[in-house]
Protein chains: 2
Amino acid sequence: MSRTKDKNPIPSVWTREQRRSDQPALSRDAIVREAIAMLDAEGIEALSMRKLGARLNAGATSLYRHVATKDELMELAVDEVAAEIHVPKAGGPDWRAAVTEAAGSFRTTALRHPWLTLVLGQAGLAYLGPNYMNFSERLAALFTAAGFPEPSRAIDAVFSYVIGMSTTEAAWLTTVARSGESEAEFVARLLPAAQQASAGYDHLAAAGPETSAQASDPAKLRDDKFAYGLEVVLDGLALRLPK
Amino acid sequence: MSRTKDKNPIPSVWTREQRRSDQPALSRDAIVREAIAMLDAEGIEALSMRKLGARLNAGATSLYRHVATKDELMELAVDEVAAEIHVPKAGGPDWRAAVTEAAGSFRTTALRHPWLTLVLGQAGLAYLGPNYMNFSERLAALFTAAGFPEPSRAIDAVFSYVIGMSTTEAAWLTTVARSGESEAEFVARLLPAAQQASAGYDHLAAAGPETSAQASDPAKLRDDKFAYGLEVVLDGLALRLPK
DNA sequence: CCTTCGATGCGCACACTGTACGCATGGCGG
DNA sequence: CCGCCATGCGTACAGTGTGCGCATCGAAGG
């Protein structure tokens with residue numbers, strides 16, 4: 001649906017469509033928003049500048065008027081999504097509850113946008129947009145107010161755990177989504193294969209949480225696992241609080 | 001350097017080179033090894049089937065006789081590299097030392113092959129090769145022998161932290177490597193920019209470990225940070241050991 | 001020894017990617 | 001009314017993963 005010329009050899013006022021002013025044209029914000037929608041819906045490798053342009057009724061190269069490069073677009077998407085992470089205000093009475101809230105918020109955001117951890121792993125946290133800076137600042141305030149003498153080390157400890165777990169979960173959820181099945185169905189179908197794979201490995205077979213069929217609610221199982229590890233880290237940190 | 005025909009219109013016994021039998025031909029192992037070398041040297045986005053083929057004195061599509069797809073090749077590379085991770089034998093007197101050893105070994109492997117965490121984050125741990133299975137089995141044995149009632153949860157807690165920290169570090173090291181400078185030089189050059197970036201953020205500026213210029217040995221600083229977080233997690237886990 | 005066969009490598013081709021370049025267009029300030 | 005300049009787009013280029021069919025070989029069987 002090209003809007004100009006349209007293969008018409010005789011350009012004329014009548015064959016030429018006028019600029020539609022209904023749509024908000026093409027803006028950096030609109031591009032980033034649509035990119036995020038595509039990433040969420042179809043995964044990271046499905047996002048191409050051409051497809052993104054098509055979804056915005058625009059050509060692929062038109063996007064480059066508003067965004068320098070695809071990598072920059074990804075950075076913008078990451079920062080946009082970082083705004084969804086909620087960190088409680090510092091100074092509350094219960095620092096553990098506050099940190100748990102922040103960690104959980106990071107995790108749900110990462111699972112809502114499973115491409116997030118991939119981009120973070122690729123680009124590192126080198127370039128930081130305003131929303132990500134805000135997130136970090138609020139975390140620093142939180143841990144400082146909690147009384148940690150070295151807040152940055154405490155933050156790194158907690159959020160390395162959170163990022164690691166979220167990355168693994170996001171990858172898993174992506175695999176599940178590609179299968180077209182629900183998580184429970186997918187687990188059920190994989191169970192025999194998994195058990196057979198760990199046949200020769202005594203301890204693995206014994207330690208696996210998928211041993212029996214109580215994996216009827218895999219999402220809750222993941223929630224519990226995340227909460228367990230988080231408690232472990234917080235307990236370890238609590239030992240380091242002065243007094 | 002094509003070996004057959006070579007644009008010669010008259011195929012003849014004399015123009016035709018005979019098969020060189022000096023080189024070990026083309027085997028799955030050789031392909032995987034060379035791929036790992038390329039990944040280590042030039043990064044994940046520099047690996048293409050054509051370049052890999054060229055390095056093996058072969059055409060790009062010849063590789064497909066030994067490897068089904070590029071993704072499969074990446075899985076093979078991951079599993080090959082997983083063999084480098086050392087996990088102490090279970091049942092030793094000091095489980096903390098053993099786990100620390102395993103965690104450190106994972107980290108050094110992940111930093112030696114900075115593409116490892118990227119692939120793990122993409123593929124998840126869905127398809128597991130023999131070396132990765134072995135790694136998991138030894139971990140399970142270690143934590144079981146240590147006396148954890150739910151070894152898989154303990155493993156997940158520790159290694160989520162390890163993976164998260166390693167991912168962040170690997171991304172950082174990749175950025176540094178691309179700059180062509182040493183890590184210390186890179187840090188020195190970035191310091192003013194970083195301080196300016198966190199100008200308006202009180203707690204961030206105060207919490208940052210890059211405040212002063214004692215960042216003369218950034219590698220040691222990273223080592224310490226990793227060790228600190230690991231101790232935190234292990235302390236939290238120790239509380240959960242029965243008795 | 002000659003023939004046949006299966007395994008291996010390769011050239012070509014296709015659909016697709018990110019993005020540089022220069023032209024057409026239209027709204028807006030002078 | 002003129003001219004400018006931001007915006008959009010078509011074309012093009014170099015590069016990607018990989019399917020397909022042909023050429024070539026070493027070995028096996030008569």
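Nothing in this text is a laboratory measurement; each read-out follows from the coordinates by a stated rule. Since we're looking at a predicted model, the values are computed, not measured. Counting neighbours? That spans all protein chains shown, and the Cβs are built from the backbone with ideal geometry, glycine included.
Tabulated values for the structure
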read-out	value
Relative contact order, percent, chain A [alpha-carbon distance under 8 Å, six or more residues apart]	16
Neighbour net charge for B:V87 - beta-carbon separation under 10 angstrom, K R +1, D E -1	0
Fully extended contour minus Cα-Cα distance, from A:H86 to A:K70, at 0.36 nm per residue	3.0 nm
B:A97 paired with B:A60, simple spin-label distance in nm, labels 7 Å along Cα-to-beta-carbon	5.3
Listed residue pairs exceeding 27 Å between alpha carbons, taken from A:K70/A:K220; A:K70/B:K51; B:K51/B:K220; A:K220/B:K243; A:K225/B:K243; A:K51/B:K70	A:K70/A:K220; B:K51/B:K220; A:K220/B:K243
C-alpha center-to-center spacing [region B:41-78, region A:148-176] in angstrom	32
Segment B:A123-B:L239, extension gain: residue separation times 0.36 nm, minus the distance between their alpha carbons	38.4 nm
Neighbourhood net charge (14 Å Cβ-Cβ; Lys/Arg +1, Asp/Glu -1) for B:Q122	-4
With Cα atoms, 0 to 90° folded angle of helix A:28-42 axis to chain A main axis	60
Within 10 Å of each Cβ in A:143-152, the average number of Cβ atoms from other chains	3
Cut-off 13 Å between beta-carbons: net charge of the residues surrounding A:M165, Lys and Arg +1, Asp and Glu -1	-1
Positive-pole candidate from A:Q195, A:Y161, B:L139, dipole of the protein assembly as shown, charges at beta carbon	A:Q195
Cβ-Cβ FRET estimate between A:Y228 and B:E45, R0 fixed at 45 Å, reported to 0.05	0.80
